[in-house]
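Only one structure is covered here, and it is reproduced in the block below.
The values are calculated or read from the model by the stated rules, or taken from the named source; none is laboratory data. Note that the coordinates shown come from a computational prediction; the quantities given were computed from them, not determined experimentally. Ideal geometry is used to build each Cβ from the backbone, glycine not excepted, and the neighbour counts take in all protein chains shown. All accessible areas refer to the heavy atoms of the entire protein, side chains included, with ligands and DNA or RNA removed. Shrake-Rupley method; radii C 1.70, N 1.55, O 1.52, S 1.80 Å.
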Amino acid sequence: MLQFISANLAPIMFLALLFFLLTGFPVAFGLAATGMFFGFVAIELGLVPANFFGLLPLRIYGIMANDTLLAIPFFTFMGIILERSGMAEDLLETVGQVFGPVRGGVALAVIFVGALLAATTGVVAASVISMGLISLPIMLRYGYNRAIAAGTITASGTLAQIVPPSLVLIIMADQLGRSVGDMYAGALEPALMLIGLYAAFIIAIAIIKPKWVPALPPEARIYKEPNGSGGYTSLVALAVTCVVVGWLMAHFYDDIVKAIWQRKEVPGDEIVVMSVTASVILAWVLAVLNKFMKLGLLSKLAERVTFVLIPPLALIFLVLGTIFLGIATPTEGGAMGAVGALLMAVSRRRLDKKLMIQALDTTTKLSCFVLFVLVGSTVFALTFQGIDGPEWVKHLFDKVPGEQMGFLIVVNVLIFILGCFIDFFEISFILLPLLKPIAEGLGIDLIWFGVMIAMNLQTSFLTPPFGFALFYLRSVAPAKDYTDKVTGQTIPAFSTSDIYKGSVPYIVIQLSMVITIMLFPQIVTEHVEKAVKIDESTIKLEIPTEQGLPMPGLPIPGEEPKPDDPNAPKTDSSGMPLPPADASADDPAKLLQQKIEDGKVSQPKQ
């Protein structure tokens with residue numbers, strides 16, 4: 001019996017952890033308890049030394065000293081401040097008015113605002129609840145298909161999982177031992193592609209089933225000019241002007257930088273960031289001049305869009321732009337984002353003592369949760385590695401055909417299934433350390449691997465029965481019939497089945513993105529700065545000597561000694577230089593030994 005336990009301790013330990021998770025025991029304590037219990041069992045069975053847990057304090061100290069994890073409380077605090085300061089409400093109202101006149105406009109506005117909230121707040125719960133409270137009543141009021149409305153809100157809220165600065169990407173980078181900045185750069189294009197697929201789906205629904213996504217009626221449009229127009233001409237003119245200025249900036253920025261700062265090369269992401277910055281500054285300046293000087297250049301809608309969109313866009317630049325430009329680390333970017341969020345809350349006159357207490361309280365709770373889970377996973381990983389658990393996991397994948405592709409397919413299927421029942425924190429802290437060495441052994445780029453897993457984990461918020469985004473929307477969706485205050489109509493209660501049905505097409509879209517990343521890794525890797533490879537065969541070591549002269553007895557580098565040169569070193573049959581005949585005269589040890597033999601130095605008495 002003991003022999004069987006010793007030979008199969010790793011799978012028994014893993015099954016015990018699954019038992020803890022399924023019983024609802026707190027994850028952090030379940031991980032630590034499993035690690036400690038099986039660690040002592042391994043000590044008793046002689047599988048690890050008695051002082052095995054002496055390594056644990058060093059590992060926990062390494063967690064405390066990890067600067068990367070500081071980004072988690074900074075971004076969490078930034079998101080909570082922005083969410084409570086009313087930014088989501090202003091964005092949804094304004095963008096909804098912009099897209100409202102077209103079919104599917106409100107749904108497109110939800111997707112666009114969800115992307116902005118993801119890039120600023122990074123909190124799924126805040127995004128889903130805010131859009132559920134504001135957009136869902138409007139969608140139900142004007143006859144949107146219930147499943148489409150629910151799916152759009154929940155899927156847009158989960159964009160915070162993949163759009164930088166995502167907490168998932170920070171944890172991925174930490175667990176895989178890679179740079180957070182590289183993880184952000186690799187995830188940016190897949191995130192934009194996913195947003196585009198969401199929008200394409202709504203456009204397709206508007207064409208195929210226009211009654212499912214009706215446009216807002218004229219009476220629901222609140223920004224109108226004195227002549228009765230909606231002010232879209234001015235908005236389009238402003239957008240075109242900003243695009244032209246941004247294009248000119250992108251076209252000439254390289255030449256300007258090379259001429260002024262004498263730089264040989266300008267990175268592409270720097271050109272993009274600076275071009276967008278120039279366009280945003282121009283729009284802001286025009287809107288301010290139009291408002292305070294009464295120029296009449298912009299319509300009410302154009303002016304409102306500018307003042308509502310510019311602050312979050314500026315905050316995105318402050319965080320992501322400085323990270324991509326190499327000006328700030330992700331931790332420093334998170335700190336600047338937190339300061340920017342406070343300034344935005346002050347400008348909206350929403351910052352008070354109650355808001356600060358709520359933000360600090362929530363940030364502290366989430367940070368402590370992550371830290372405790374990380375400590376627990378460290379205890380589990382220490383014991384699991386001590387009993388050769390990684391070798392057991394490696395053997396599980398030995399029989400998988402297809403090498404890289406077979407491994408990636410099995411891992412993504414496993415994570416998708418686990419995501420239906422387990423939170424992404426647990427999956428990241430438990431599975432990633434086990435899969436990392438196998439992925440490295442197969443030559444898989446870990447940034448590509450991490451972004452793929454993050455995209456897969458995003459579906460865990462939508463998959464029934466335990467998708468968190470589904471429950472967030474269920475908490476704010478009307479559970480009973482109610483009378484709409486605007487139209488006076490009776491709106492039926494929102495059923496849970498509508499929420500579940502609405503998530504299905506977006507799960508398919510997300511899984512299609514996972515497959516796309518798997519088949520085309522350059523989507524991720526082309527934006528990541530490649531590490532410089534060093535050819536060890538070209539390394540040349542030169543020993544500096546006084547005044548550049550060679551060491552005595554060695555030939556001058558690059559010169560062949562003359563055969564009749566008396567100073568040429570003597571060599572053996574293999575060509576190695578022989579020590580000089582009087583080497584003992586320069587050897588202190590041999591000189592001391594010779595003096596002892598001659599009696600000039602007295603030996604110590606026994």
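Take Ser367: with every protein chain present and a 1.4 Å probe, its accessible area is about 30 Å². Accessible surface comparison of Tyr482, Tyr184, probe 1.4 Å, protein chains only, largest first: the order is Tyr482, Tyr184.
Sorting Leu192, Leu435 by solvent-accessible area of protein heavy atoms yields Leu192, Leu435, largest first, with a 1.4 Å probe.
Whole-Hz Karplus values for the range 483-496 come out as 9, 5, 6, 8, 8, x, 7, 8, 9, x, 4, 8, 8, 5 Hz, taken residue by residue from phi with 6.51 cos²θ - 1.76 cosθ + 1.60 and θ = phi - 60°; glycine and proline positions read x.
With the simple spin-label model, which puts each label point 7 Å out from Cα in the Cβ direction, the Asp361 to Lys211 separation comes to 4.8 nm.
Rolling a 1.4 Å probe over the protein chains gives Met274 an accessible area of about 50 Å². Rolling a 1.4 Å probe over the protein heavy atoms of the range 236-362, with every protein chain left in place, gives an accessible area that is 70 percent carbon and sulfur. Given their separation in residues at 0.36 nm each and the Cα-Cα distance between them, Thr68 and Val346 gain 97.3 nm when the chain is fully extended. Give, as ranges by residue number, the residues of the range 491-519 whose backbone N falls under 18 Å from the point 7 Å along Cα→Cβ of Ile409. Taking a point 7 Å out along Cα→Cβ of Ile409, the residues of the range 491-519 whose backbone N falls under 18 Å are 511-519.
At an R0 of 25 angstrom, the distance between the Cβ atoms of Leu295 and Leu248 translates into a FRET efficiency of 0.60.
Shown for the range 366-446: the carbon plus sulfur share of the solvent-accessible area, taken with all protein chains present and a 1.4 angstrom probe, equals 67%.
Relative to the dominant Cα principal axis of the chain, helix 180-208 is inclined by about 30°.
Against the chain, whose longest principal axis is taken from its Cα atoms, helix 446-458 shows a tilt of about 30°. Using a 1.4 Å probe on the protein heavy atoms, what percent of the accessible area of the range 1-44 belongs to carbon and sulfur? Result for the range 1-44: 78 percent of the exposed heavy-atom area is carbon or sulfur.
Taking amide H as placed 1.01 Å from N in the peptide plane, the amide H of Ile491 sits under 5 Å from that of Tyr482, Thr483, Asp484, each at least 5 places away or on another chain. For the range 381-393, the Karplus equation 6.51 cos²θ - 1.76 cosθ + 1.60, evaluated at θ = phi - 60°, returns couplings of 5, 4, 5, 4, 6, x, 9, 6, x, x, 5, 4, 5 Hz by residue, with Gly and Pro reported as x. Charge tally around Glu440: other residues with Cβ under 12 Å, Lys/Arg +1 each, Asp/Glu -1 each, net +2. Relative contact order of the range 331-439, taken over Cα pairs closer than 8 Å and 6 or more residues apart, is 28 percent.
Starting from the Cα gyration tensor of the range 101-158, take the square roots of the eigenvalues, sort them a ≥ b ≥ c, and report rounded, prolate or oblate (rounded when a/c is under 1.5, otherwise prolate if a/b is larger than b/c, else oblate).
Here the range 101-158 falls in the prolate category.
Take the chain with all the other protein chains still there, run a 1.4 Å probe, and you get 53 Å² of accessible area per residue.
The length gained on full extension between Ile60 and Ala200, counted as 0.36 nm times the residue separation minus their Cα-Cα distance, comes to 45.7 nm. Between Leu22 and Asn227, the distance separating the two model label sites (each 7 Å from Cα on the Cα→Cβ line) works out to 7.0 nm.
Seen through its C-alpha gyration tensor, with square-root eigenvalues sorted a ≥ b ≥ c, the range 115-272 comes out oblate because a/c lies at 1.5 or above while a/b is not bigger than b/c. For the range 358-432 and the range 436-490, what is the centre-to-centre distance using only Cα atoms, to the nearest Å? Distance between centres, Cα-based: 18 Å.
Take the alpha carbon gyration tensor of the range 3-52, find the square roots of its eigenvalues, order them as a ≥ b ≥ c, and report rounded if a/c is under 1.5; if not, report prolate when a/b exceeds b/c, else oblate.
Verdict is oblate for the range 3-52.
Charge dipole of the chain (Cα centre as origin; +1 on each Lys and Arg Cβ, -1 on each Asp and Glu Cβ, all else neutral): 3160 debye, rounded to the nearest 20. Once Cα extents along the principal axes in Å is calculated for the structure shown, the corresponding label among [x] 82, 48, 48; [y] 117, 76, 52; [z] 82, 58, 56 turns out to be [y]. Where in the range 42-75 does the label zone of Asp388 land, with the point 7 angstrom along Cα→C-beta and an amide N cut-off under 18 Å? Zone members listed by number: 42-50.
Could you compute the net charge surrounding Pro26? Neighbours are other residues with a C-beta less than 13 Å from the C-beta of Pro26; K and R count +1, D and E count -1. Neighbourhood net charge equals -2. FRET efficiency for the pair Lys480 and Val285, taken as 1/(1 + (r/R0)^6) with r the Cβ-Cβ distance and R0 = 45 Å, rounds to 0.35. Spin-label model, Ile515 to Leu192: label points 7 Å out along the Cα-to-beta-carbon direction sit 2.5 nm apart. Taking all protein chains as shown and a probe of 1.4 angstrom, Ile162 keeps an accessible surface of around 0 Å². The calculated FRET efficiency for the pair Ile310 and Phe29, based on their C-beta separation and a Förster distance of 51 Å, comes to about 0.65. Take the alpha carbon atoms of the range 247-316, find their center, do the same for the range 131-161, and report the distance between the two centers in whole angstrom. Using only Cα atoms, the two centres lie 32 Å from each other.
Charge tally for Phe74 (other residues, Cβ to Cβ under 14 Å; Lys, Arg +1; Asp, Glu -1): -2. Whole-Hz Karplus values for the range 318-332 come out as 4, 8, 6, x, 5, 5, 5, 7, x, 6, 9, 7, x, 5, 5 Hz, taken residue by residue from phi with 6.51 cos²θ - 1.76 cosθ + 1.60 and θ = phi - 60°; glycine and proline positions read x.
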